[in-house]
């Protein structure tokens, strides 16, 4: 399968952020979108409320001009962030009185958020979820449908 370049780049950045403890849903330079956009926070000016899907004037102008940020439109950026925040346990849009997870840096919380983001990124590309491992367990007549080759060292 040929992975689209923007998806491949996003997956590499998210993978590295997760494993290097550089993923933080409460930091706009270190959240899912922050990492995809090279740890810059300029994307936060696309909306007036963090975690909202409503583009503000700046976001609307960029969207209407067809601008892309590392391959993603302003609306796609907001969708990615909303999905990540909600999967991590935040109520969006973010506000001091809305609920949030006890420990937003917990690896399980972050992994759940990443799984939902990766699923959405694959959906944007029109490809199967690269993290879907259910095919590994498909079987017919007691035999696996797909086989995994293992490397013995």
Review point. Does residue 64 qualify as being more than 16 Å from residue 118 (Cβ to Cβ), at pLDDT 95 or above and exposed (fewer than 14 other Cβ atoms within 10 Å of the Cβ)?
Key: yes
Review point. Is the stretch 126-149 home to any residue that is modelled with pLDDT of 95 or more and assigned to a helix (DSSP H, G or I)?
Key: no
Exercise for review: Take residue 113 and decide whether it is within 15 Å of the chain's Cα centre (by Cα), at positive phi and either crowded, with 17+ Cβ neighbours inside 10 Å or outside any loop (DSSP other than H, G, I, E, B) (or both).
Suggested key: no
Practice item. State all residues of the stretch 95-142 that are touching a helix residue (DSSP H, G or I) at 6+ places or on another chain (Cβ under 7 Å) and within 18 Å of residue 50 (Cβ to Cβ); if no residue qualifies, say none. Key: 101, 110, 113, 116, 117, 120
Review point. Cβ-Cβ below 6 Å, separation at least six or inter-chain, first residue in the stretch 32-57 and at positive phi and without any contact (Cβ under 8 Å) to a residue 40 or more places away in the chain, second part of a loop (DSSP other than H, G, I, E, B) and surrounded by 15 or more Cβ atoms within 10 Å (Cβ to Cβ): which pairs?
Key: 39/29
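Let's see how each residue does on (1) loosely packed, with under 15 Cβ neighbours inside 10 Å; (2) closer than 25 Å to residue 8 by Cα:
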position	(1), (2)
50	no, no
69	no, yes
76	no, yes
95	yes, no
133	yes, yes
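The values are calculated or read from the model by the stated rules, or taken from the named source; none is laboratory data. Just so it is clear, the model here is predicted, and its values are computed rather than measured. Positions of Cβ are generated from backbone atoms using ideal geometry, with glycine treated the same way; all protein chains shown enter the neighbour counts.
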